[in-house]
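The structure appears below as structure tokens.
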Amino acid sequence: MSAPITTRLLDLYRIGPGPSSSHTVGPMRAARAFREAALAQGIVPARLRVDLMGSLSATGRGHGTDRAVLAGLLGWRPDTCDVDALLALPDTLREQPSIEWGAQSATLHPDDVRFLPYSAYRHEDLEHPNTLRCTAFDTDGGVLLEQTWCSTGGGFVEEAGASDGASLADPLGAIDASGVHFHDCESLVAAADQANTSIGALVLAHERAVDKRDVRDGLDRIWDAMQACIRRGLEQHGTLPGGLGLRRRAGELNARIEAGDVEAGYAHIARAQAYAFAVNEENAAGGRVVTAPTNGAAGIVPAVLTEVAERLALDRDQVHRALATAGVIGALIKTHASLSGAEVGCQGEVGSATAMAAAALCEILGGTPAKVEYAAEIAMEHNLGLTCDPLKGLVQAPCIERNAMGVAKAWSAAQLALHSDGMHLVSFDRVIQVMKRTGNDMRREYKETGEGGLAVAVNLPEC
């Protein structure tokens, strides 16, 4: 595990619309990148087409992948797009199938985004289970430009055979210049111990040295977006879209806590779980959330950190360090395994988010770097093998409750690590390796295809 950690905090935490980072945020970014490439080359297509393959085809309808791609071709960005306009975009383009393309226009109809059946691409060796192919045609149907993109989880995208533009152009040199050297969790803990500081403080110093963006302002935006999402989720009522008839419960759960209907010793976890419900219900409704590290697992980190920040009156610097600690755990997992449910199952999403939250919470409560590593290890270890099996391809059941359970696991992991000497048999680095191998061994039916697990449980005969 010697690969350099090039994922930056402000790339791991992305603001964007729900319900999926890999199926919504990523495809929007990929389609927008295709548009920019065509414009840069002076290409004006008569019409456009995007073919969705793999998991993007299998569960993309429930995840809104088609409207996300349409938005990207319009040049919309996940962090700034109007979410209401996004939800209405297929109908808008059905009525007027034309978009601005520089100073000219191009034809774009919702049917130009195609959910390909497996038989249509079975001969292809896809680089990633989330693949889309963007094509621009001239008036005679000739191909002007074609690009294939992979949505690799958490909103990260890669053009086939290329690397994500969010990565640093010279990561090794930049990391050397920072004076901080780590490539896995073991070296991260060692660097923190050598500097006699916390993991969060170390990572923030590292980020300021290697990232040209203002990390403090960026983390403030991330934290504000997390808080706004929780507030919106607590205020909303009714039924979530998509046909499952799932009722919003966040406000009701929070009201019960406020009324004292929850056992006092459990109240802090219950409140964090209500916050997780709020975030994931907003995500399921297509609202704006923060990938932490994905949309499907977006509720765990903000829920745990918001509850403890309120109760302990954490200041901005403490919140920044907590986000940095959580973020570096997510970056380690992304570098050495995957954050993609389509690639490794939900262990890469909820498992990763639980490890991130556990590590941050452990540090907030006074854990040493060794204990922070242990908290992350416990959390990930007890999510190994977690399948990605949303009903009807919607990020609702079991996803929302799974985030609430992740909150409780994060708290348990942090407490177990805090009340230990930090020594344990299996390292976090080794658990990441096991998670990746487990994901590789997992049958495709259990990796965001909607073909196995709870996704088909409603159709199974009773035993």
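The values are calculated or read from the model by the stated rules, or taken from the named source; none is laboratory data. Here the structure is a predicted model, which means the values were calculated and not measured. Cβ sites come from the backbone with ideal geometry, for glycine too, and all protein chains shown count toward neighbours.
From the residues in the stretch 252-300 that are of a type in the set (Ser, Thr, Tyr) and touching a Leu at 6+ places or on another chain (Cβ under 9 Å), which one is farthest from Ile230 (Cα to Cα)?
So in the stretch 252-300, the residues of a type in the set (Ser, Thr, Tyr) come out as 266, 275, 291, 294.
Next cut, touching a Leu at 6+ places or on another chain (Cβ under 9 Å) only: 275, 291, 294.
Working: Tyr275: 6, Thr291: 14, Thr294: 16 Å.
The residue in question is Thr294.
If the requirement is being touching a residue at least 60 places away in the same chain (Cβ under 8 Å), in a helix (DSSP H, G or I) and touching an Asp or Glu at 6+ places or on another chain (Cβ under 8 Å), which of these qualifies: Ala272, Ala303?
Ala272
Please verify whether Val279 is under 20 Å from the mean Cα position of the chain (by Cα), surrounded by 17 or more Cβ atoms within 10 Å (Cβ to Cβ) and in a helix (DSSP H, G or I), treating the condition exactly as stated.
On the way: under 20 Å from the mean Cα position of the chain (by Cα): yes; surrounded by 17 or more Cβ atoms within 10 Å (Cβ to Cβ): yes; in a helix (DSSP H, G or I): yes.
Yes.
Looking only at residues that are of a type outside the set (Val, Ile, Thr) and more than 15 Å from the chain's Cα centre (by Cα) in the stretch 384-393, which one is farthest from Met435 (Cα to Cα)?
Looking at the filtered set, the residue picked out is Lys392.
Go over the candidates Gly351, Gly406, Gly366, Gly385 one by one and state the one that is small (Gly, Ala, Ser), within 26 Å of Thr449 (Cβ to Cβ), surrounded by fewer than 24 Cβ atoms within 10 Å (Cβ to Cβ) and at pLDDT 95 or above. Spell out the reasoning first.
On the way: Gly351 fails: surrounded by fewer than 24 Cβ atoms within 10 Å (Cβ to Cβ); Gly406 fails: surrounded by fewer than 24 Cβ atoms within 10 Å (Cβ to Cβ); Gly366 fails: within 26 Å of Thr449 (Cβ to Cβ).
Just one listed residue meets the conditions, Gly385.
Looking at the stretch 312-320, can you tell me whether even one residue there is surrounded by 24 or more Cβ atoms within 10 Å (Cβ to Cβ) and not small (Gly, Ala, Ser)?
Quick first cut of the stretch 312-320, residues surrounded by 24 or more Cβ atoms within 10 Å (Cβ to Cβ) only: 320.
From the residues that got through so far, the ones that are not small (Gly, Ala, Ser) too are 320.
The answer is yes, given that some residue of the stretch 312-320 is surrounded by 24 or more Cβ atoms within 10 Å (Cβ to Cβ) and not small (Gly, Ala, Ser).
So, in the stretch 25-38, how many residues would count as being touching a helix residue (DSSP H, G or I) at 6+ places or on another chain (Cβ under 6 Å) and either in the same structural domain as His336 (by TED's automatic domain parsing) or farther than 26 Å from Glu281 by Cβ (or both)?
3
Give the residues of the stretch 259-269 that are assigned to a helix (DSSP H, G or I) and in contact with a helix residue (DSSP H, G or I) (Cβ under 9 Å, 6 or more places away or on another chain), sorted by residue number.
Hits for the stretch 259-269 are Ala267, His268, Ile269.
Condition first: among the hydroxyl-bearing types (Ser, Thr, Tyr), farther than 16 Å from Ser338 by Cβ and over 14 Å from the mean Cα position of the chain (by Cα). Now tell me which residues in the stretch 1-38 satisfy that.
If the condition is that a residue be among the hydroxyl-bearing types (Ser, Thr, Tyr), farther than 16 Å from Ser338 by Cβ and over 14 Å from the mean Cα position of the chain (by Cα), then Ser2 is the only one that fits.
Find all pairs meeting these conditions: Cβ atoms under 8 angstrom apart; at least six residues apart or on different chains; first residue within the stretch 217-229 and under 16 Å from Val308 (Cα atoms); second residue hydroxyl-bearing (Ser, Thr, Tyr) and assigned to a helix (DSSP H, G or I).
Between residues of the stretch 217-229 that are under 16 Å from Val308 (Cα atoms) and residues that are hydroxyl-bearing (Ser, Thr, Tyr) and assigned to a helix (DSSP H, G or I), the close pairs are Met226/Thr306; Gln227/Thr306.
So which residues in the stretch 223-245 are buried (at least 18 other Cβ atoms within 10 Å of the Cβ) and more than 20 Å from Val301 (Cβ to Cβ), if there are any at all?
Within the stretch 223-245, Leu240, Gly242 meet the criteria.
Using the structure shown, decide if Leu244 is in contact (Cβ under 8 Å) with a residue 60 or more places away in the chain, assigned by TED's automatic domain parsing to the domain that holds Asp214 and not small (Gly, Ala, Ser).
Yes; evaluated as a whole, the condition is true for this residue.
Rundown of residues vs (1) under 25 Å from the mean Cα position of the chain (by Cα); (2) at pLDDT below 95, yes/no style:
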residue: Asp193; (1), (2): no, no
residue: Asn196; (1), (2): no, no
residue: His206; (1), (2): yes, yes
residue: Asp220; (1), (2): yes, no
residue: Ala225; (1), (2): yes, no
residue: Arg231; (1), (2): yes, no
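Identify, please: which residue in the stretch 1-12 is modelled with pLDDT of 95 or more and out of contact with any Lys or Arg (no Cβ under 9 Å at 6 or more places or on another chain) and is, among those, nearest to Leu394 (Cα to Cα)?
Looking at residues that are modelled with pLDDT of 95 or more and out of contact with any Lys or Arg (no Cβ under 9 Å at 6 or more places or on another chain), I get Asp11.
Could you please find all residues in the stretch 367-400 being within 19 Å of Ser21 (Cα to Cα) and either free of Cβ contacts under 8 Å to residues at least 12 places away in the same chain or outside any helix (DSSP H, G or I) (or both)? Step through it out loud before you land on a result.
If we filter the stretch 367-400 for residues that are within 19 Å of Ser21 (Cα to Cα), which is where we start, we get 386-400.
Correct list: Leu386, Thr387, Cys388, Asp389, Pro390, Leu394, Val395, Gln396, Ala397, Pro398.
If a residue has to be surrounded by fewer than 24 Cβ atoms within 10 Å (Cβ to Cβ) and among the hydroxyl-bearing types (Ser, Thr, Tyr) to count, how many in the stretch 49-74 make the cut?
Going through the stretch 49-74 one residue at a time, the tally reaches 1.
Identify, please: which residue in the stretch 435-463 is surrounded by fewer than 17 Cβ atoms within 10 Å (Cβ to Cβ) and of a type in the set (Lys, Arg) and is, among those, modelled with the lowest pLDDT?
Arg444
Which residues, taken from the stretch 184-209, are loosely packed, with under 15 Cβ neighbours inside 10 Å and not in a helix (DSSP H, G or I)?
Asn196
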